[in-house]
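Structure first, then comments.
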Amino acid sequence: MNARLRVPALLLALPLAACSSLFNVQCTPFTIYSPKLAAPAAQAATARVDWQLAVETPLASDALDTVRIVVMPSPGVIEVYPGARWSDSAPALLRNLIVQGFERSGRIAGVGSSASGLRADYALGIALHDFQLEMDGAAHAVIRLQARLLDYTTNRVLATQAFSAEAPAAGHDAAAAFAAFETALNQLVPQLVDWTLREGEVVRAAKKRG
């Protein structure tokens with residue numbers, strides 16, 4: 001079979017992989033949500049660090065390591081919105097937003113994901129504990145994580161800190177959940193950026209003294 005004949009065969013396979021309606025299984029449309037960071041607030045005379053940072057993909061449970069938007073209608077009960085997806089898995093989504101937060105701060109020489117090939121001085125490791133909409137009481141987005149600043153060469157923990165952010169949702173639907181998540185992310189990411197830069201400078205100064 002020549003190349004001209006193989007192309008239509010591939011094109012015919014795509015709808016089959018994307019939708020199983022040919023087997024009498026109804027396709028469910030869904031909306032993809034991609035949170036954005038707000039423009040950073042102006043910071044007067046903020047010192048710029050001369051080191052580079054690799055942001056690792058956060059570790060998360062199987063329930064959170066997914067593109068599905070997780071909702072907890074009651075404590076300990078995990079469900080997902082059937083008609084909604086994140087643009088990437090929650091850990092990868094968070095990693096990318098954190099990298100973007102550092103870039104937008106304009107306060108670091110170099111930053112990227114751990115897979116970017118960056119010759120980093122430090123690494124930021126994250127354990128993602130919560131990333132869901134909770135409905136016990138008023139609906140609200142909840143993000144909780146543990147951050148660790150690591151020496152990139154030895155993987156030794158230099159500093160650790162817990163972070164959390166919550167934001168109320170205007171309703172129980174996926175669109176309201178997305179807006180609440182975006183608000184919570186815009187609270188948490190700048191705090192994480194500030195802490196990392198501050199702790200990195202503390203470590204750097206201690207090395208110069210010692």
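I need the full set of residues from region 126-138 which are among the charged types (D, E, K, R), open to solvent by 30 Å² or more (accessible area, probe 1.4 Å) and either under 26 Å from Thr153 (Cα atoms) or at pLDDT 95 or above (or both), in order please.
Asp130 - this is the single residue of region 126-138 that is among the charged types (D, E, K, R), open to solvent by 30 Å² or more (accessible area, probe 1.4 Å) and either under 26 Å from Thr153 (Cα atoms) or at pLDDT 95 or above (or both).
Table: residues versus (1) in a loop (DSSP other than H, G, I, E, B); (2) at pLDDT below 90; (3) aromatic (Phe, Trp, Tyr).
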{"residue": "Leu22", "(1), (2), (3)": "no, yes, no"}
{"residue": "Val25", "(1), (2), (3)": "yes, yes, no"}
{"residue": "Pro29", "(1), (2), (3)": "yes, yes, no"}
{"residue": "Leu37", "(1), (2), (3)": "yes, no, no"}
{"residue": "Asp50", "(1), (2), (3)": "no, no, no"}
{"residue": "Ala63", "(1), (2), (3)": "yes, no, no"}
Next on the checklist: Which count do you get for residues in region 113-136 that are in a strand (DSSP E or B), of a type outside the set (A, V, I, L, M, F, W, C), out of contact with any helix residue (DSSP H, G or I) (no Cβ under 8 Å at 6 or more places or on another chain) and closer than 17 Å to Gly101 by Cα?
Outcome noted: 1
Checklist outcome for this item: Counting only residues in region 102-113 that are over 29 Å from Thr31 (Cα atoms) and surrounded by 15 or more Cβ atoms within 10 Å (Cβ to Cβ), the one nearest to the chain's Cα centre (by Cα) is identified as Val111
Checklist entry - Can you name the residue in region 74-101 that is in contact (Cβ under 8 Å) with a residue 60 or more places away in the chain and more than 15 Å from Leu192 (Cα to Cα) and is also least open to solvent (accessible area, probe 1.4 Å) among such residues? => result Ala84
Checklist entry - Of these, Ala169, Ala123, Ala179, which one is surrounded by 15 or more Cβ atoms within 10 Å (Cβ to Cβ) and within 16 Å of Leu59 (Cα to Cα)? => result Ala123
Next on the checklist: Could you tell me how many of the residues in region 139-156 are under 21 Å from Leu97 (Cα atoms) and open to solvent by 10 Å² or more (accessible area, probe 1.4 Å)?
Outcome noted: 6
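The values are calculated or read from the model by the stated rules, or taken from the named source; none is laboratory data. Predicted, not measured: the structure shown is a model, and the values here were computed from it. Positions of Cβ are generated from backbone atoms using ideal geometry, with glycine treated the same way; all protein chains shown enter the neighbour counts. To get the accessible areas, we keep the full protein, side chains included, count just its heavy atoms, and leave off ligands, DNA and RNA. Shrake-Rupley method; radii C 1.70, N 1.55, O 1.52, S 1.80 Å.
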